[in-house]
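Student: Handing you this structure, nothing more for now.
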Amino acid sequence: MNKENLLQIYASGFRKNWELPALTEFGSDQTMTYADMARRIAALHLLYEEAGIKRGDKIAVMGKNSFAWVVVYMATLTYGAVIVPVLHDFNVQDAQHIINHSESVMLFINESIFDSMEFEKIPAVKAVLSLDRRAVLAEHPVTNHAVEKFLARLPQKMRRRYPHGFTTADVDYPEIDESTLAEINYTSGTTGFSKGVMLTLGNLGGNVRFGVASRLHYRGSRALSFLPLAHAYGCAFDMLTPLAVGTHITILGKLPTPKLLLKAFAEVRPNLIICVPLILEKIYRNKLRPIIEKPSVRRALKLPGLKTLVYRKIRNSLVEALGGEFEEVIVGGAPLNHEVEAFLHKIKFPFTVGYGMTECGPLISYTPWRNFIVSSSGRTLPSMESKIAGSRNPETEPGEICVRGENVMKGYYKNPEATEAVIDAEGWLHTGD
C-alpha cells in the first residue's frame, strides 16, 4: 500500500485536481474548487503565522458542517498544528471544558453557539473567529487586537505573498513525521470525564490510504456529507479520504431528517454512502416493512416465482431512493439491527457493515459488500491486527476484541492512567467490545 505522507497526499492531490469541484453546500449554488480551497487554506496559514501559532499548538473548531469547518480542519492539519473538533450540539459547559482541557489557543465557532459562551472562561484562547463570516468575535487583551487587524488586511497580505496569484506551485505543505500528533477528538461531552483521543498523522493517514487503495472514493466521484465531521467516522470517509482523491463533496449542514436526506440523495446521486444504522433502520421501519406486511405482498412472498420479483422491486426502489448510483452503503458507528440486516441481505441490497472506534480514527475492519457476511463486520484491515482476549475458545466463547497497528491512537490526552488501562505493554488496544 502507498505509504506517502498524509500531508503530501493532499499537496499532490490539490495540485492534480485544481479545477475540479471540491465542496458544495447543499441547497445553495455555492461551490468551491480544489484551487479555491487550497487558496483559503493558504490564507489561514498566513493568519496562523501572524497570530504566532506554532506547530503543535491546538486549534478548536465548533460548528455545523460547512465550507469554513472543512477549511479550518485542513488548514490546521497542513500547517502542523493540532485540530480539536468539538461537536456543535455539546452544551456550553462541556464545550468550554474541552477547549480548556485541550489547551486550545484559537477557536473557530458558529456565532449562534458563541453567543451563549463566556470568553473569560476559556482563558488560553487568544482569539475566537467566526465560521459564518470573516470576523473576530473575541480576542484576548494580550494580543492588542493583532488578529482582528491582520484579518482586515488579509486580502492585501495574500496579494503581497503571492504577487502572481496563488497557483499549484504554491501548494507546499511541510514534511512532518507521521508519529506527530494531528488531532485530539473527545469521546464524550461529560464535564470532567471527557477523554481526548490523540490521533497522529499516521493514524489519520492509515484510514485515508486504505480508503484510497480500496477506491471508496475516486477522482470525480460524488459524496454526500451528512454525518458530523467532528466524529471520526464522518471525518475520515466523508472528508479526509474524498479530499485526497478529487471527489466532489456536497455538505449537508442541516439536521439530516429522512425527508431532507432523500431529497439530497436524489439531487447529489452519491457514488458511496456512509451512514449509521439508524438511517437504514428508519427506512426499513417507515418504508419497507409497511410494504412487506401488506396481505397481497405477503401472499406473493410465499410463491417462489413472485418472491424473487417482489424482492427485486423493493431493492430497486430503495436503490433509486438513495440516488441510484452508489457502489455500496457502508454502515458503521453502532450495531445494525439483526432484522434489518437480514432483510437487506435477503433482497440483495448492496450494503456492508464495518467496525471501528474513535481510538482508531476510526476504522478497524471492513469488507466490500460483495464479500460481506451477514452478522459480521468485515475483515481486519491489512495494516491492523486483531485478537480475542479473555476467552478459552474464541470460536465459541465471547471475549474482548483487541487490536493493534497503524490506526491505533497515541493515547488519551493528559490522561496516562486511562491510556494504560486500554493499551497494554505489547501495544494491544483493548476495545471493551
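The values are calculated or read from the model by the stated rules, or taken from the named source; none is laboratory data. Predicted model only: the values in this text are computed from it and were never measured. Cβ sites come from the backbone with ideal geometry, for glycine too, and all protein chains shown count toward neighbours.
Student: Take the conditions small (Gly, Ala, Ser) and either under 18 Å from residue 66 (Cα atoms) or buried (at least 18 other Cβ atoms within 10 Å of the Cβ) (or both) and apply them to residue 124. Does it pass?
Tutor: Taking the combined requirement at face value, the residue does not satisfy it.
Student: May I ask you to say which residue of 199, 224 is surrounded by 22 or more Cβ atoms within 10 Å (Cβ to Cβ), in the same structural domain as residue 27 (by TED's automatic domain parsing), assigned to a strand (DSSP E or B) and in contact with a Ser or Thr (Cβ under 7 Å, 6 or more places away or on another chain)?
Tutor: 224
Student: Against the conditions (1) assigned to a loop (DSSP other than H, G, I, E, B); (2) without any contact (Cβ under 8 Å) to a residue 40 or more places away in the chain, where does residue 419 fall short? Just the number, please.
Tutor: Going through (1) assigned to a loop (DSSP other than H, G, I, E, B); (2) without any contact (Cβ under 8 Å) to a residue 40 or more places away in the chain one by one, residue 419 breaks only (1).
Student: Among the residues of region 200-249, count how many are in contact with a Cys (Cβ under 9 Å, 6 or more places away or on another chain) and closer than 21 Å to residue 360 by Cβ.
Tutor: So the answer is 8.
Student: Considering only residues that are surrounded by 17 or more Cβ atoms within 10 Å (Cβ to Cβ) and more than 19 Å from the chain's Cα centre (by Cα), which ones fall in region 47-60?
Tutor: If the condition is that a residue be surrounded by 17 or more Cβ atoms within 10 Å (Cβ to Cβ) and more than 19 Å from the chain's Cα centre (by Cα), then 47, 48, 51, 53, 57 are the ones that fit.
Student: Picking from 255, 240, which residue would you name as being farther than 23 Å from residue 350 by Cα, assigned to a loop (DSSP other than H, G, I, E, B), of a type outside the set (Ser, Thr, Tyr) and free of Cβ contacts under 8 Å to residues at least 60 places away in the same chain?
Tutor: 255
Student: Okay, next question. For residue 42, are the conditions met, namely being within 23 Å of residue 126 (Cβ to Cβ) and surrounded by fewer than 22 Cβ atoms within 10 Å (Cβ to Cβ)?
Tutor: Against the criterion (within 23 Å of residue 126 (Cβ to Cβ) and surrounded by fewer than 22 Cβ atoms within 10 Å (Cβ to Cβ)), residue 42 qualifies.
Student: Out of all the residues in region 424-431, is one or more aromatic (Phe, Trp, Tyr), in a loop (DSSP other than H, G, I, E, B) and within 21 Å of residue 338 (Cβ to Cβ)?
Tutor: Within region 424-431, not a single residue is aromatic (Phe, Trp, Tyr), in a loop (DSSP other than H, G, I, E, B) and within 21 Å of residue 338 (Cβ to Cβ).
Student: Considering only residues that are over 12 Å from residue 321 (Cα atoms) and surrounded by fewer than 21 Cβ atoms within 10 Å (Cβ to Cβ), which ones fall in region 261-283?
Tutor: Answer for region 261-283, where residues must be over 12 Å from residue 321 (Cα atoms) and surrounded by fewer than 21 Cβ atoms within 10 Å (Cβ to Cβ): 276, 277, 278, 279, 281, 282.
Student: Does region 371-385 include one or more residues that are more than 23 Å from the chain's Cα centre (by Cα), under 23 Å from residue 183 (Cα atoms), in contact (Cβ under 8 Å) with a residue 12 or more places away in the chain and buried (at least 18 other Cβ atoms within 10 Å of the Cβ)?
Tutor: Checked against the condition, which is being more than 23 Å from the chain's Cα centre (by Cα), under 23 Å from residue 183 (Cα atoms), in contact (Cβ under 8 Å) with a residue 12 or more places away in the chain and buried (at least 18 other Cβ atoms within 10 Å of the Cβ), region 371-385 yields no hits at all.
Student: Further, regarding this structure: If I filter region 115-135 for residues that are assigned to a helix (DSSP H, G or I), assigned by TED's automatic domain parsing to the domain that holds residue 203 and under 26 Å from the mean Cα position of the chain (by Cα), do I get at least one hit?
Tutor: Within region 115-135 (the criterion being assigned to a helix (DSSP H, G or I), assigned by TED's automatic domain parsing to the domain that holds residue 203 and under 26 Å from the mean Cα position of the chain (by Cα)), the answer is no, since none of the residues qualifies.
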